[in-house]
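Chemist: Can you read through this structure? Questions will come right after.
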Amino acid sequence: MQYYEGKGKLRYYDSPAWGELCRRVYGRDLKQISTVTTYEMELLYSELDVSPGSRILDIGCGPGYISAEIAGHYRAHVTGIDIDDLAIAHANRVFANHPLLDFQVADGNEISFEPCSFDVICFFDTLYFTGTADRLRVLLDRYLRLLKPEGKLVIFWSAGESAANETQVGQWGLNKNVPCKTFDLTQSNRSFWRRAKTELLAMKSELRREIPKTYKQVLDECRHAESNMENIYRWLYIYTR
């Protein structure tokens, strides 16, 4: 998502108010625009053992702050890709001296890496823009081939559907018979939306002054979530090749 705001076309990750909102809502300022909280990152860390020097691919990395977080935690090499050239330019500028990070402008639907290139591939709420269910299956097949043997495919996925109904991602794993750990994040995610709305309204003046379009869009998302809370579900999938 691209956000151009006010004078100088300020973007959400350039906004001090957005940084403060992230600290309040997510637990840490990683310039999140998804719903990946500190709690979810800690769960991932507790369940995913990655050796120092491993290679990780972060699909839809945006301005790069989550890529930097996981690179630092695992002491692993992280390649972040995003279709947004301005976000990648920001990441390359901010993390220019980080030896474990590489950022590239690329479309996650049109990847060109060699098979068996990565130990881990991550989708932090960035797998929703693939179009049809058939295209999603083809894309996941392709990413599975990019993993080394025993490599991990990490997917944070939210959906508004029956909890008893398998998601497209879950159904893909069942059809492929790919070993998987699945974690239900539904309750914590519902709490996230309530907290986000409360903090957005508390910071209304600062956010509307700095990034009014972003403020309105995210507040609309919070209100939509609030009115459909019983239909919000969220999972973390960790697949093993």
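No value in this document is a laboratory result; all are computed from the given coordinates. Just so we're clear, the structure is a prediction, and the values are computed from it rather than from any experiment. FYI the Cβ positions are ideal-geometry reconstructions off the backbone, even for glycines, and counts take in every protein chain you see.
Chemist: What is the distance, in nm, between label points placed 7 Å from the Cα along the Cα-to-Cβ direction at Lys216 and at Val105?
Modeler: My value for the distance between the label points is 2.8 nm.
Chemist: For the chain, modelled as a Gaussian network with Cα springs under 10 Å, which listed residue fluctuates most, Phe113, Phe123, Phe95?
Modeler: Phe113
Chemist: Mind giving me the FRET efficiency for Asp134 and Leu201? R0 is 30 Å, r the Cβ-Cβ distance, nearest 0.05 is fine. Mind dumping the intermediate values first?
Modeler: Working: r = 41 Å, r/R0 = 1.36.
Taking R0 as 30 Å, the efficiency between Asp134 and Leu201 is 0.15.
Chemist: Extending each Cα 7 Å along its Cβ direction at Arg24 and Arg93, get the distance between those two points in nm, one decimal.
Modeler: 2.7 nm
Chemist: I've got another one for you. Roughly how many debye, to the nearest 20, is the charge dipole of the range 1-137 about its Cα centre, given +1 on each Lys and Arg Cβ, -1 on each Asp and Glu Cβ, and no other charges? The partial results should precede the final answer.
Modeler: Details: 12 positive and 20 negative charges, 88 e Å.
Roughly 420 debye, rounded to the nearest 20.
Chemist: Given H placed on each backbone N at 1.01 Å, which residues far from Phe103 in sequence or on other chains put an amide H within less than 5 Å of it?
Modeler: Gly80
Chemist: I need the calculated FRET efficiency for the pair Arg142 and Asn228, taking r as the beta carbon distance and R₀ as 41 Å, to the nearest 0.05.
Modeler: Values: r = 32 Å, r/R0 = 0.79.
Rounded to the nearest 0.05, the efficiency is 0.80.
Chemist: Find the lysine pairs in the chain meeting two conditions, Cα atoms under 19 Å apart and a separation of 8 or more places or different chains, and report how many there are.
Modeler: The result is 18.
Chemist: Moving on to the next point. With the chain treated as a Gaussian network of Cα nodes joined by springs under 10 Å, which of Glu226, Glu206, Glu47 yields the largest mean-square fluctuation?
Modeler: So, out of Glu226, Glu206, Glu47, the one fluctuating most is Glu47.
Chemist: Spelling out what I want: for every residue of the range 227-236, take phi, set θ = phi - 60°, compute 6.51 cos²θ - 1.76 cosθ + 1.60 (Karplus), and round to whole Hz; glycine and proline get x.
Modeler: Each residue's phi maps through the Karplus curve to give 7, 10, 4, 5, 9, 9, 9, 8, 9, 10 Hz.
Chemist: Under 37 °C and 0.692 mPa s, how fast does the range 49-131 diffuse according to Stokes-Einstein, given a Kirkwood radius computed over C-alpha pairs? Answer in µm²/s, whole number. All intermediate terms of the calculation are to be shown ahead of the outcome.
Modeler: Values: Rh = 12.7 Å.
Reported coefficient: 258 µm²/s.
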